[in-house]
Structure formats: C-alpha cells, structure tokens
Amino acid sequence: MLDKEEEKKVDRANIFKQIFSQFLINFGDVLINPKVTLPWLLQSLGAPLYLLGWLVPIRESGSLLPQLVIAHFIYKVKVRKWVWVLGSLIQSLCVVVIGCAALLLDGASAGWVIIAALIVFSVARGLNSVASKDVLGKTVVKNKRGRVSGWSSSASGFITIGIAVCTLFFFESFQGNVSFYIWGIVAATLVWLVAALIYSFVQEPLSDVEDKGRNFIDVFGELSLLRTDSVFREFVIARSFFLCAALSAPYYVLIAQQRSENGVLILGLFILASGLASLLSSPFWGLFSDYSSRKVMMVSSLLSAFTGVVLFLTVKLFSEEVFVTWIIVILYFVLSIAHQGVRIGRKTYLVNLGEGNKRTSYVSVSNTIIGFILLAMSSISLLTYSISLASLVLVFSVITLAGVFVVIRLPEI
C-alpha cells in the first residue's frame, strides 16, 4: 500500500503522462485535420470535390460507430491503457499510408486511398476514445479531469501556432507543392508512436472484469440506457445538436478559399487561428468544466451559433474579397474557441456522469449513437445544391442553438 505522499506523486505522474500523450495526439490531429489540412491536400492533389464533403463525417463517425462493439470487449480487459496504445499504433500506420498516397498518387486514386486510410484511422481512434475516458476516470480525481483535457489542448495549440507561422512565412515556396506536407506526415507518425510509449507508463488500477454476453446481439443490450436513464438520454440529444458546430467548420475554409488566390496562405491563417484558439481557450474551458461542465456546454454552443450568424451576415452584406476573407479567418478563430468548449465540456460531463463500467457504457453508447446521427446530419450538406455555403453555415448555427435549450434541462454533475 502507498502512503498519501506516494499516492500524490503517482497521481501527478499519471496526470502529466495523460496530458502529454493527449497533447501529442492533438498535435498529430493538426497535421491531418479533416477541417483544414486534408481538404487542402485533396484539392492540391486534384481529388474529386465530392470527397471533401466526406472528410469530417468519416473522421468523426468512423471513430464513434464501432465503440459499442469496442466496449463489449473492453469490459473483459483489466488494464485498459493497452487498448489506447494499440489505437495509437494503428493510427500511426494510417498516417504513413496518407503520406505515401500524397507522394506517389494524384487525382481520384490519391483521394480514395486517403479516404480509405482515414476510415481505418478513425476506427482505431475509437479504441483511444473508449479507453481514455475509462483510464481518466480511474486515475484522476473528479475535480481535475477537465483541466487534463484543457491543458493538453492548449499545449498542442502552441505547437500548431509554430506550424502556422512556418506555413505563412514560406507560403510562396509551398504554393502548389505538397512535399512539405510529406514531412508533416513523417512527424505525425513519430508523434503517435511517442504518445503510445508515454501512455504505456500510466499506472492504472485494475478494472472490474464483466461479461456482457458472447453473442453479437448482446452488444446492443447497452442501448437500453437511452430508455432507462433520462439524464443520459438528454445529454445524447444535446450532443447531437452540437455536431453542427464541427460540421460547419470546413465551410469557413472553403468560403475563404474561394475568395483568395493564395491557397497556402489561407491554409496557414486557418491553422494559426485553430492553434491560437486551443492555446488560449482550452485551459479556461478545462477549469470552467471542473466547476460546471454543463455551463461550459451552454456558453460555448451559444458562441458557436452566434459565429455562424455573423459569418452569414458578413458574406451577404460585404463584397470586398480581402476584407471578407480576413473576417472569416477571425470568425473561424472564434468558432474554434467555441468548439474547444463544446468538446471539453461534454467530455468532462460524460466522464463525471458515471463510474467504473457504467462510465464505459455511457461513452460507448453515446459515441455510437452520435456516429449514426453524424452520418445523417452530413446529408444537410446536400443543401449546397440549392443554397449558398454561407446559408448552409446559418442552418448549422440554428441547429446548434437548439442544443442549448436541451442542455438547460440537464442537472449539474
């Protein structure tokens, strides 16, 4: 048995390892961001435009849909950090495939290989998602869980700013050239490998092993939580509406790209905006979430909806291309701040909502349901055939606003 002083040291070490591992994962996500860098890469390679609309849904739903099945097997695992490590190793291999496609292929063939790699990458990310929340709940006390996500996102934001500055400084050399992105892929591969190594040293207490049934149909037994647990059901409904904050982000980039001839410059500005948002806002959202994750979801979703409305009015009322482009970049910065709040707030709320295997059930059920809803909501993008991109962003904002009214009914945890 450890004395209190030794327990504190172990707790601090666990917090540091999880923050640093998550920081590396967040940093890697910047390099293959489906909202900014992957759309730019596909366009540079001459991939079909219709593939761009699937990047965010595949990245998000691909990691969410399999989580009910993943959890079914995780219940039988005593030390669940190894599930997280396995997910990171698979993701690093997928990043290598994306880099090879960018280097060796072009056009539709490059696009489809990248999409296929992104699908496997996203499924592997599901392993991280289920395991990380379980390990976080077992190794970090409740009033410090929000700041673990906050500080890791903030640290990755600092590195993101460095990448953006380099992109902006050398954008003339990078224009129309994807070779610099290949080096980013190499860095991303190492990032996931190092993250897996660090996470493997987390000191995790053994989990209770539970047999949820051997038949495949038994996997879906956990869905009964949506019927029996009213608080959990309301949370899932609210989170469904909040998906529109993420779905609207790529259209900010596309609207700005249509109004500028310097594609890499725009890419650098959006990466810079995303990095600054993570660096500056994540610690605040993390501390705020430890006080009230419910209020964080309310405030950040309101901010997201407001940003979309302002974007719509800006595009409709102003015609100066350069002015509108800079306004859109600023609005994307605000949207990124809001998205950080939504993400940290709902993650903290869900981790605090349950304990033990109940937490694992909450995470897997909610994420699987959200994966299906995300695919359904992606069909909203078909409205671009009849309305403008700015109008589509406005639609997403109205749906996000609906989520605020659902969160109001949630209890404090």
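Taking LEU303, is it of a type in the set (A, V, I, L, M), surrounded by fewer than 24 Cβ atoms within 10 Å (Cβ to Cβ) and modelled with pLDDT of 85 or more?
yes
If I ask for residues that are surrounded by fewer than 13 Cβ atoms within 10 Å (Cβ to Cβ), of a type outside the set (S, T, N, Q) and under 25 Å from GLN257 (Cβ atoms), which ones from segment 372-413 would you list?
Across segment 372-413, the qualifying residues are LEU382, TYR385, ILE387.
Just the residues that are at pLDDT 80 or above, of a type outside the set (Gly, Ala, Ser) and over 30 Å from GLU222 (Cβ atoms), please, taken from segment 357-395.
Those that are at pLDDT 80 or above, of a type outside the set (Gly, Ala, Ser) and over 30 Å from GLU222 (Cβ atoms): ILE387, LEU389, LEU392, VAL393, LEU394, VAL395.
Is it the case that PHE323 is without any contact (Cβ under 8 Å) to a residue 60 or more places away in the chain and over 21 Å from the mean Cα position of the chain (by Cα)? So that I can check it myself, show each step before the final result.
Values: without any contact (Cβ under 8 Å) to a residue 60 or more places away in the chain: yes; over 21 Å from the mean Cα position of the chain (by Cα): yes.
Judged against the criteria, PHE323 is a match.
Looking only at residues in segment 239-263 that are surrounded by fewer than 22 Cβ atoms within 10 Å (Cβ to Cβ) and in contact with an Asp or Glu (Cβ under 8 Å, 6 or more places away or on another chain), which one is modelled with the lowest pLDDT?
SER260
Among the residues of segment 188-236, write down those that are of a type in the set (A, V, I, L, M), modelled with pLDDT of 80 or more and within 19 Å of SER361 (Cα to Cα). I'd like the intermediate steps shown before the answer.
Within segment 188-236, the subset of a type in the set (A, V, I, L, M) is 188, 190-191, 193-198, 202, 206, 209, 217, 219, 223, 225-226, 231, 236.
Going one step further and asking which of them are modelled with pLDDT of 80 or more, we end up with 190-191, 193-198, 202, 223, 225-226, 231, 236.
Correct list: LEU223, LEU225, LEU226, VAL231, VAL236.
Being in contact (Cβ under 8 Å) with a residue 60 or more places away in the chain and not aliphatic (A, V, I, L, M) is the requirement here; does SER381 meet it? Quick ask: steps written out before the conclusion?
Working: in contact (Cβ under 8 Å) with a residue 60 or more places away in the chain: yes; not aliphatic (A, V, I, L, M): yes.
Here the answer is yes, as SER381 does meet what is asked.
Yes/no matrix, rows are residues, columns are (1) in contact with a helix residue (DSSP H, G or I) (Cβ under 8 Å, 6 or more places away or on another chain); (2) among the small types (Gly, Ala, Ser); (3) under 22 Å from LEU104 (Cα atoms):
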residue: ILE15; (1), (2), (3): yes, no, no
residue: SER21; (1), (2), (3): yes, yes, no
residue: LEU24; (1), (2), (3): yes, no, no
residue: ILE32; (1), (2), (3): yes, no, yes
residue: PRO39; (1), (2), (3): yes, no, yes
residue: LEU42; (1), (2), (3): yes, no, yes
residue: LEU51; (1), (2), (3): yes, no, yes
residue: LEU55; (1), (2), (3): yes, no, yes
residue: LEU65; (1), (2), (3): yes, no, no
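Quick one: which of VAL141, VAL96, VAL85, VAL79 is out of contact with any helix residue (DSSP H, G or I) (no Cβ under 8 Å at 6 or more places or on another chain) and in contact (Cβ under 8 Å) with a residue 24 or more places away in the chain? Full working, then the answer.
Working: VAL141 fails: out of contact with any helix residue (DSSP H, G or I) (no Cβ under 8 Å at 6 or more places or on another chain); VAL96 fails: out of contact with any helix residue (DSSP H, G or I) (no Cβ under 8 Å at 6 or more places or on another chain); VAL85 fails: out of contact with any helix residue (DSSP H, G or I) (no Cβ under 8 Å at 6 or more places or on another chain).
Within the list VAL141, VAL96, VAL85, VAL79, the selection yields VAL79.
The values are calculated or read from the model by the stated rules, or taken from the named source; none is laboratory data. Just so we're clear, the structure is a prediction, and the values are computed from it rather than from any experiment. In this analysis, Cβ positions are derived from the backbone assuming ideal geometry, glycine residues included, and neighbour counts consider all displayed protein chains.
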